[in-house]
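The values are calculated or read from the model by the stated rules, or taken from the named source; none is laboratory data. Note that this is a predicted model, so its numbers are computed, not measured. Note: ideal-geometry Cβ built from the backbone for every residue, glycine included; neighbour counts use all protein chains shown. With ligands, DNA and RNA removed, areas are computed over all heavy atoms of the protein, side chains included. Shrake-Rupley method; radii C 1.70, N 1.55, O 1.52, S 1.80 Å.
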Amino acid sequence: MSRVRELTAPAIADRLRGPGLALDLGPVVARLGTTLPELLDPVRLLYGGFPIADHEPLVDFEVRIEPGRMLRRWIARQGVAFVDGQRAFAPFPRAQALPMLEWAVNWCTFTRPNQYLLLHSAVVERHGRCLLLPGKPGSGKSTLTAGLVLSGWRLLSDEVAVVPPGAHHVLPVPRPVGLKDASIQAIERFDAGAVIGPRTPGTRKGTVAHLRPPDDSVARRHEPAGPAWIVFPRFEAGAVTALRPISRPEAFLRVAHESFNYSVLGDVGFETLAEIVDRCSCYAMRYGDLATAIEALDDLVTDRSSRPAIAGSEAPR
Amino acid sequence: MGTAWRLPDGQELRWRSWDGEYLLYHANSGDTHRLNAVGAAVLSGIAAGSVETAELVERIARELQLETNAIHEAIVDLLARFEDLGLVEPVDEPGPRADSARDR
């Protein structure tokens, strides 16, 4: 299967303009399309390691980013997004086409595959066990994820933990890691070799850019990992990094509350999430700088005492 | 004679317990509740078969080694909350809901 970067720029442009570029993202196949020439280089850069999935008989969703029509195109210079051929979302400044493409692919990934339990959490893996980092926007989750990935952890996702019902593992969906404002500089300082796409200023999240997912994470996109830790990060400038154990019931409810479809799945969602939480040690982590936060999480991997106790699933007597 | 309690027909409850706490999934409402040992004992006591408030209080006091007087009020309040949540219902009062102080 060819990878995107193995195609010439004109060949990628032809696909994006025409039938679309079908990508194997792991649990989903997405087809991307656009006639905007400014998206060609970012797509090549950020998705270069992904295999082209032209042979896949089933495409889960198609996202196209196109110029607006008439006044939107020539006066307002706006773009529009289409999902599966239908206009989706409000028009946006054309200069924000790349974040809009990423946002639209995220939206499809979070709302379409309801055959899985979808938790709002970053997921990274080391030595076969994965760490879930649930967090609200602004918690520092993506910055931490980027730092971990640049420190040797495998990226499963920076936004969503995909769990098949009844399974004891998380499926990878390794996509570009979204960074914003000061996080972009923080990651550049952390690793001068980090491959980061173009900056887009003025979005509703501020200036945004995307870290390219490592080729190894992309290559292992069909390799699930068993969860071992759930850590709720919270960045506070100047704070001393500290991990505080929290109970599994507390972690369960916090994760369920932030899930994309826990309530949709009913008892299947409850049992599936319980199996995940059952296997994890759970913490809240406050951190003030990336290096000490990564060090604290690396220490979890080597601490055998963090293995979870067995929990009960029967009604109390 | 005090109020007797039971689970409504077709009630489906799923449990998990960790670290002395309980999570309860109430399939009929889709809600997930976090309970301590007393809350779990109240609900599981009723799930085992309809039971009067006084007997339930005595049973839980024995089971958790607590004073009956110390937990009676809390359990009466808890039963009212469980009734509001649709988790339990009184056996003998089909009419308008009696006030939560009926067993005080």
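When only Cα pairs below 8 angstrom with a gap of at least 6 residues are kept, chain A shows a relative contact order of 16 percent. Of the whole protein surface, A:D299 contributes about 90 Å² of accessible area at a 1.4 Å probe radius.
Of the options A:A122, A:V231, A:G49, report the single residue whose Cα projects farthest towards the positive end of the charge dipole of the protein assembly as shown (beta-carbon charges: Lys, Arg +1; Asp, Glu -1). Positive-most Cα among the choices belongs to A:G49.
Shape class of the range A:66-193 from the alpha-carbon gyration tensor: oblate, with a/c at 1.5 or above and b/c at least as large as a/b. Identify the trypsin sites (Lys or Arg not before Pro) of the range A:1-101 meeting these criteria: DSSP loop state and at most 11 other C-beta atoms within 10 Å of the C-beta. Hits after loop and neighbour filter: A:R69.
Basic side chains Lys and Arg get +1 at the Cβ, acidic Asp and Glu get -1 at the Cβ, and with that the dipole of chain A about its Cα centre reaches some 880 debye. Taking every DSSP beta bridge that has both ends in the protein assembly as shown, the antiparallel portion is near 80%.
Put simply, the amide H of A:L25, placed in the peptide plane, has neighbours under 5 Å in A:A30, leaving out anything fewer than 5 places away on its chain. As a length-normalised measure over Cα pairs under 8 Å and 6 or more apart, the relative contact order of chain B settles at 34 percent. Other protein chain C-beta atoms within 10 Å of residue C-beta, averaged over A:79-89: 0. Note: relative contact order over the range B:1-41, using C-alpha pairs below 8 Å and six or more positions apart, is 28 percent. With the alpha-carbon atoms of chain A aligned to their principal axes, the span from lowest to highest coordinate is 67, 42, 36 Å, starting with the largest. Distance between the C-alpha centres of the range A:185-218 and the range A:5-67: 20 Å, rounded to the whole angstrom. When the GluC sites (Glu not before Pro) in the range B:15-92 are filtered for DSSP coil states and for at most 12 other beta-carbon atoms within 10 Å of their beta-carbon, the remaining sites are B:E67.
Look at the Cα gyration tensor of the range A:1-126: its axes a ≥ b ≥ c give a/c of at least 1.5 with a/b at or below b/c, and that counts as oblate. Which of the three applies to chain B, rounded, prolate or oblate, going by the alpha-carbon gyration tensor with a ≥ b ≥ c and a/c under 1.5 meaning rounded? Taking the square roots of the gyration eigenvalues as a ≥ b ≥ c, chain B is oblate.
Counting only Cβ charges, +1 for Lys and Arg and -1 for Asp and Glu, the dipole size of the range A:99-199 around its Cα centre is about 120 debye.
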